[in-house]
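Data block below; observations after.
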Amino acid sequence: MKVKKIAVIGAGVCGLGAIKSCLEEGLEPTCFEKGSDIGGLWRYEVTLHTSGIYKSLTCNTSKEMTSFSDYPVPDHFPNYMHNSKMMEYLRMYARHFGLMQHIEFLVCSVRRCPDFSSSGQWQVVVEADGKQKSYIFDGVMICSGHYTEKHLPLQEFAAFPSLLEFRGRYLHSWEYKHPDAFAGKRVVVIGIGNSGADVAGEISRVAEQVFLSTRRGAWIWNRVWDDGNPMDTVLFTRYNRAVQKLLPSFLINRWAENKLNMRFNHANYGLQAAHRFLSHQSTFSDDLPNRIITGRVLMKPNVKEFTKTSAIFEDGTEENVDVVLFATGYTFSFPFLEDDLAILDSQHSMYKFVFPPQLEKPTLAFIGILQPVGALIPTSELQSRWAVRVFQGLKKLPSETDMMAEINRRKMKMAREDAHRVQYIDYMDEIASELGVKPSLFSLLLCDAKLAKEVFYGPCTPYQYRLQGPGKWTGARAAILTQRDRILKPLRTRVLQPSGSSSSRWLFKIKNFRKEFFLGNDLYLCQR
């Protein structure tokens, strides 16, 4: 039987998982990467146009929740990895599974073959040394992600006309690398997503003053949760998700908002959100409250207009500023996909965020084009594992009518939320069910109660989707049962001497109290 050839576009975290998934199913992948190295978004470079991350960027999801499903992050790595550690992990993964030999660092374009309706094949054109070369592939996996095109909303921005008169500098957070260029400056940061909060906090350490402008406020999470555990390992459990499904939204909103306000009162800090917790994406920031309480960051509403040297805000206040930094997110862009308008509608509608429903043959898959409330690596990897099974004909998609009906149902359900944000466990289980790898708690309970308990009450780590079905990994059980040890390992760098049990300490205190009490009485009687 002829081995099918698959083109993988992009060698970031999604692309590496796609290459590995192709190899698992006996497909022949060739990955095309326009940059000079793997890593995609996580590859930090000083030059402005090759990478959109800043030097200090650290992952917002913990290592156990972020890892590939059959390759845990080393136990000594920190729970929240700096971009350099993430790159180290990706290189280890690529070497371990022999992925580098399948990657070509070339610019490419992708178009359907003339006989696509019958063959389902794609033509990929690459350019090297000024010469073009054409390849034919049986399938394409687009793994370029959604942080490809910076969204600089100048036409939508109410103060845009006056910004043209502004004598200072304005830029997008994509161009931000480190704070040195902002030393002694007065900076207004527009947007309070993860990047906006991070950049505002970091710049405020060297700037004269930073103003953080937000239209709707935000709910602020931090990485360290109860008892010092990584936040997602505590909250993203099957037990918690089961409870959430039983509770009405207003109770979940109330619990989450009260919990976050216990750390600091959002209203007092000028961060009170105009929306309920579940209605919009929350922001991760360990540092922002500290920068606000020390006065290094001042919260402001929307900018109404600019003068030559200042910003006037909607509350009527005016501040002199030297730099405007837009932390306003990104838009989807597939410049290499020549007939993308015929493949995707204006809303980028895809069946389960992977397959365009209009194609005659299901030989194109978009990997990682979604924003999970959780880690991207596990969700994109599971998408790839499903996609290659479809390419091989081992899984069949519904009809176009049924796929569109499902897409519309999802849109209606998520009408009040960002249409590309999905609940981590729900989505993972949804794709795992398509693939046949969703863990069966009932079966586990009958044959392995210890594992079943950790799967249900412990963090829903990616290893759970390697316990059974296609791609089963023999190390999955051990990875799940030792995940808490890997969480603690990098924290215990200072060995403490055992201080005895809590009961022993209390017994000692009681004995000491009795001794002091009776000694005190004796002294009192002697004095009498």
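Which entries in K150/K413; K304/K411; K63/K352; K177/K352; K133/K361 show an alpha-carbon gap greater than 30 Å? Table pairs above 30 Å Cα-Cα are K304/K411; K177/K352. When all protein chains stay in place and ligands, DNA and RNA are ignored, the 1.4 Å accessible-area order of S433, S173, S56, largest first, is S433, S56, S173.
Annotation: per residue accessible area for the chain equals 49 Å², rounded to a whole number [probe 1.4 Å, protein chains only].
Ranked from highest to lowest mean number of other Cβ atoms within 10 Å per residue, what is the order of the peptides 99-110, 277-288? Walk me through the numbers before you get to the answer.
On the way: 99-110: 16.9, 277-288: 18.8.
Put in order of decreasing packing, that is 277-288, 99-110.
Of T309, T331, the order by accessible heavy-atom surface (1.4 Å probe, DNA, RNA and ligands excluded), from most exposed downward, is T309, T331.
The slack between E360 and S118, meaning 0.36 nm per residue of separation minus the straight C-alpha distance, is 86.3 nm. Each Lys or Arg adds one and each Asp or Glu subtracts one; over the other residues with Cβ under 12 Å from the Cβ of A197, this totals -3. A cut-off under 12 angstrom between Cβ atoms defines the neighbours of A7, and their net charge, with Lys, Arg +1 and Asp, Glu -1, is -1. Under 1.5 on a/c is rounded, so check that first for region 341-433, then, if it is not, pick prolate when a/b is larger than b/c and oblate when it is not; a ≥ b ≥ c are the square roots of the alpha carbon gyration tensor eigenvalues. In terms of gyration-tensor shape, oblate. Placing unit charges on the Cβ atoms only, positive for Lys and Arg and negative for Asp and Glu, gives region 87-196 a dipole magnitude near 320 debye about its Cα centre.
Extending 7 Å from Cα along the Cβ direction at M404 and again at D485 yields two label points whose distance is 5.4 nm. Between H178 and D339, the modelled labels are 4.8 nm apart [label points 7 Å from Cα along Cα→Cβ].
Would you be so kind as to identify all helices of the chain, as entire DSSP H runs, whose Cα atoms reach 27 Å or more along the helix's own axis and whose mean Kyte-Doolittle hydropathy is at least -0.5? Mind dumping the intermediate values first?
On the way: long enough: 502-527 (37 Å, -0.38).
Within the chain the helices that satisfy the rule are 502-527.
Region 242-293 and region 470-495 have Cα centres lying 30 Å from one another. In the list (i) 147; (ii) 190; (iii) 222, the label attached to volume of the Cα convex hull per residue in Å³ as derived from the coordinates here is (iii). Would you mind classifying region 108-184 by shape? Square roots of the alpha carbon gyration tensor eigenvalues, ordered a ≥ b ≥ c; an a/c under 1.5 is rounded, otherwise it is prolate if a/b is larger than b/c and oblate if not. Taking the square roots of the gyration eigenvalues as a ≥ b ≥ c, region 108-184 is prolate. Which of rounded, prolate, oblate describes region 30-171, given a ≥ b ≥ c as roots of the alpha-carbon gyration tensor eigenvalues and a/c under 1.5 marking rounded, otherwise prolate only if a/b is larger than b/c? Note, shape of region 30-171 comes out oblate. Close amide-amide hydrogen proximity is noted between K395 and V390, each under 5 Å apart and 5 or more residues distant or on a separate chain (H modeled in the peptide plane; Pro and chain starts excluded).
Simple point charges give the picture: +1 on the Cβ of Lys and Arg, -1 on the Cβ of Asp and Glu, and for region 413-481 a dipole about the Cα centre of about 200 debye. In region 28-131, Cα pairs under 8 Å separated by at least six residues give a relative contact order of 29 percent.
Remark on H82: its backbone amide H falls under 5 Å from those of C59, a criterion applied only to residues 5 or more positions apart or on other chains, H modelled at 1.01 Å from N. In percent, rounded to a whole number, the relative contact order of region 193-332 is 37, using alpha-carbon pairs under 8 Å and six or more apart.
Taking the charge dipole of the chain about its Cα centre, with +1 at Lys and Arg Cβ atoms and -1 at Asp and Glu Cβ atoms, the residue from G270, I136, T461 reaching farthest to the positive side is T461. Take every DSSP beta bridge whose two residues both sit in the chain; close to 40 percent of them are antiparallel. Among K185, K300, the sequence by solvent-accessible area, most first, with a 1.4 Å probe is K185, K300.
In percent, what relative contact order does the chain have, based on Cα pairs under 8 Å that are 6 or more apart in sequence?
Details: 909 pairs, mean separation 102.4, N = 528.
Averaging sequence separation for qualifying contacts and normalising by length gives 19 percent for the chain.
Computed over the chain, the per-residue total of -39500 (n - 2.57) for DSSP H runs of n ≥ 4 gives a 222 nm mean residue ellipticity of -10000 deg cm²/dmol, rounded to 500.
The values are calculated or read from the model by the stated rules, or taken from the named source; none is laboratory data. Quick caveat, the model's predicted, so the values are computed rather than measured. Glycine gets a Cβ as well: all are built from the backbone with ideal geometry, and neighbour counts include every protein chain shown. All accessible areas refer to the heavy atoms of the entire protein, side chains included, with ligands and DNA or RNA removed. Shrake-Rupley method; radii C 1.70, N 1.55, O 1.52, S 1.80 Å.
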